[in-house]
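Below is one structure, written out as structure tokens, with a few remarks after it.
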Amino acid sequence: MEERTSTWLAPRGIWWHRFGRDEKMWLAVIIVWAVAMFVMIMFIWPAIGQQQADIQSYRVDPVEFSTLTAQFTEKYKVGEENGFPVVAPPPGSDVYLQASRFQWTPILKLQKGETYRFLISSLDVEHGFSLQPDNVNFQILPGYITGLKMTPHETGEFTVVCNEFCGLGHHVMVGRIIVTDDDN
């Protein structure tokens, strides 16, 4: 039997072809687009889109935060719903909101167009603060106060949802913020 030898030839020099004119054009378009999107997302949109919340974070003892929330609730309590206190703090004041398995407390009653500084913390595990239907989302950690200034621009009832799994009752962890036109 005759033995066959392979005649494969190795590619000489650069085995691919240089970019053609069309390929160079599309590569340039892609690079320009990527740089434009980077500049837009990192610099332009935060400046004009008002999408970056000014959030501060402070260390706090959970027991101390619970005491501050209880004092705040007692001072501004205007009623009760389903066993949860309803508080109506004056405009411009600090608003304490406490997260614990599986509740947000207290229910807040705020005035439309007035600015409040929210101070939010967890007593037990990590929780997520998601204000619906607005797009306000951030994490709440035990041992830290998350501070955020907010001005409600619409009246109605808004839902605060925990968006970090915090245990078996996570699905029932829903709080409320009521925004009204008047101070009643």
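Annotation: per residue accessible area for the chain equals 70 Å², rounded to a whole number [probe 1.4 Å, protein chains only]. In the frame of its principal axes, the chain has Cα extents of 99, 46, 29 Å, reported largest first. Within the chain, the longest segment free of exposed loop sites, counting GluC sites (Glu not before Pro) that fall outside DSSP classes H, G, I, E and B and have at most 10 other Cβ atoms within 10 Å, spans 4-153. Per-residue ellipticity at 222 nm computed for the chain from its helices equals -6500 deg cm²/dmol, with DSSP H segments shorter than 4 residues left out and the rest contributing -39,500 (n - 2.57). The mean sequence distance of close C-alpha pairs (under 8 Å, at least 6 residues apart), as a share of the length of segment 109-184, puts its relative contact order at 39 percent. Helix 21-39 sits at what angle to the longest principal axis of the chain, using alpha carbons and giving 0 to 90 degrees rounded to 10? Helix 21-39 and the main axis of the chain meet at about 20 degrees.
If you model segment 71-162 as an ellipsoid using its alpha carbon gyration tensor, with each semi-axis the square root of five times an eigenvalue, the axes come out at 19, 16, 13 Å, biggest first.
Computed about its Cα centre, the charge dipole of the chain is approximately 760 debye, with only Lys, Arg, Asp and Glu carrying charge at their Cβ.
Calculate how steeply helix 62-76 sits against the longest principal axis of the alpha-carbon atoms of the chain, using the helix alpha-carbon long axis, and give the answer as 0 to 90 degrees to the nearest 10. Between the helix axis and the principal axis of the chain, the angle is about 50 degrees. A crude spin-label estimate for the pair Ala36 and Glu157, with each label 7 Å from Cα along the Cβ direction, gives 4.7 nm. Debye sum, Cα scatterers, segment 118-184, no solvent: what log₁₀ I/I(0) at q = 0.27, 0.28 1/Å? One equal scatterer on each Cα of segment 118-184 leads to -1.28, -1.33.
With the convex hull of its Cα atoms as the shape, segment 89-132 has an orientation-averaged projected area of 3.4 nm². Within straight cross-link reach of Lys75, meaning Cα distance under 16 Å, which aspartates and glutamates are found once same-chain residues fewer than 8 apart are removed? The reachable aspartates and glutamates, counting only those whose Cα sits under 16 Å from Lys75, are Asp94, Asp183. Taking the charge dipole of the chain about its Cα centre, with +1 at Lys and Arg Cβ atoms and -1 at Asp and Glu Cβ atoms, the residue from Met40, Cys162, Thr73 reaching farthest to the positive side is Met40. Sites count as exposed loop sites when they are chymotrypsin sites (Phe, Trp or Tyr not before Pro), lie in a DSSP loop, and have at most 14 other Cβ atoms within 10 angstrom; the longest stretch of the chain without one is 20-164.
The values are calculated or read from the model by the stated rules, or taken from the named source; none is laboratory data. Treat the numbers as computed from the prediction; the structure is a model and nothing was measured. Every residue, glycine as well, gets a Cβ built from its backbone with ideal geometry; the counts of neighbours run over all protein chains shown. We work out accessible area using only protein heavy atoms, side chains counted, and drop any ligands, DNA or RNA first. Shrake-Rupley method; radii C 1.70, N 1.55, O 1.52, S 1.80 Å.
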